[in-house]
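Please treat every number below as a calculation from the coordinates, not as lab data. Nothing here was measured: the structure is a model prediction, and the numbers come from that model. So basically every Cβ, Gly included, is an ideal-geometry build from the backbone, and we count neighbours across all protein chains shown.
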Amino acid sequence: MKFVTNAILKEVYPKKPEWSHKGQYGKLLIVSGNERITGAGVLVGMAAFRAGCDTVYQTGPKRSMDVVANYYPAFLTQPLDGSQLERKHIPKILEFIKDMGITAVEIGNGLWRSKETRKAVIEFVKRIDLPMVIDADAIRSMKDAQYVLGEKKCMILPHADEFKEITGVRIVDVTSVERRAKIVREQAAKLSTTILLKGHVDIISDGKRIVLNNVHSQLMSKGGFGDTLAGICAALISRKINKVSMFTTACAGAYINGKAGLLAVKKYGVAVLPTDAIEEISNVIKNG
């Protein structure tokens, strides 16, 4: 089987023209957070910035947006009323997307799983015609509207439990990489989308091709490292001047996130944090 290598960096990071300007390399909107889970957007957004996105916009319930805005001054936020994402918010988000000239969307981190939020996610994904990274609770939400995925330019980044919810296939006990790869390819073909199944070995498939990523550490299996992966992938799909396929983006995102985490683990060991990995993204891009 084929494994992703640092050679993929040349595909997603060509030389930047001297006369390029802000916006050509991404205007990303992150839809995240609820009243309790307030920091996911920070991790997604900071990873996106480090991975080369020009501008990062954020929207979600006001409490989570207050946290995001206070963390880093370059985040541009659109707070929503209430404690969770609801269908009533969709028109306001769509207007924000139009006004800001957004080029890609990342959705799901910290949204949680209420019935109303699930319905809001489905409506939002249906109405968006931009490249999308669908992650975390948004993956679970799309269980009830799987057919929409094949109509969109998107990727999903599930762990084993999210994979089970959207596909109905239990994979957590499958330790054979070959068997996992077969299952992921089958489900990617069924959903007509790109899947990056996170695990000891990441498996990426668009239903036809399969690439594996084993560049990371088991010490990354803690909260936040999935958020950094989503931010990296979202940054890459947002770059209008540098269009690559969803499949290639997912492969590159898996490698960059894994290598950044591996570098951070060498410094901090079991104490490693996702913010440590974010700080290593630049080293991966520069040195492979």
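A few remarks follow.
- Of all residues in the stretch 45-58 being aliphatic (A, V, I, L, M) and closer than 16 Å to ASN70 by Cβ, the one that is surrounded by the most Cβ atoms within 10 Å (Cβ to Cβ): VAL56
- Being closer than 28 Å to LYS240 by Cα and basic (Lys, Arg) holds for only one residue in LYS164, LYS126, LYS143, and it is LYS126.
- Within the stretch 264-282, the residues that satisfy the criterion of being surrounded by fewer than 20 Cβ atoms within 10 Å (Cβ to Cβ) and closer than 15 Å to ALA51 by Cβ are THR275, GLU279, SER282.
- Search result, residues across the stretch 98-131 that are in contact (Cβ under 8 Å) with a residue 60 or more places away in the chain, of a type outside the set (Ser, Thr, Tyr) and out of contact with any Leu (no Cβ under 6 Å at 6 or more places or on another chain): MET100, GLY101, GLU106, ILE107, GLY108, ASN109, GLY110, TRP112, PHE124, PRO131
- Checklist (1) closer than 24 Å to ASP54 by Cβ; (2) over 15 Å from the mean Cα position of the chain (by Cα); (3) surrounded by 22 or more Cβ atoms within 10 Å (Cβ to Cβ); (4) of a type outside the set (Ser, Thr, Tyr) applied to HIS216, failing item: (1)
- Residues being buried (at least 20 other Cβ atoms within 10 Å of the Cβ) and free of Cβ contacts under 8 Å to residues at least 60 places away in the same chain - total across the stretch 12-41: 0
- Subset of the stretch 198-243 [in a helix (DSSP H, G or I), in contact (Cβ under 8 Å) with a residue 60 or more places away in the chain and among the polar types (S, T, N, Q)]: THR228, SER238
- Enumeration of residues in the stretch 32-78 that are in contact with an Asp or Glu (Cβ under 7 Å, 6 or more places away or on another chain) and either more than 24 Å from LYS16 (Cα to Cα) or aromatic (Phe, Trp, Tyr) (or both): ALA40, LEU43, PRO61, LYS62, ARG63
- The number of residues in the stretch 84-111 being touching an Asp or Glu at 6+ places or on another chain (Cβ under 8 Å) and either surrounded by fewer than 16 Cβ atoms within 10 Å (Cβ to Cβ) or aromatic (Phe, Trp, Tyr) (or both) comes to 1.
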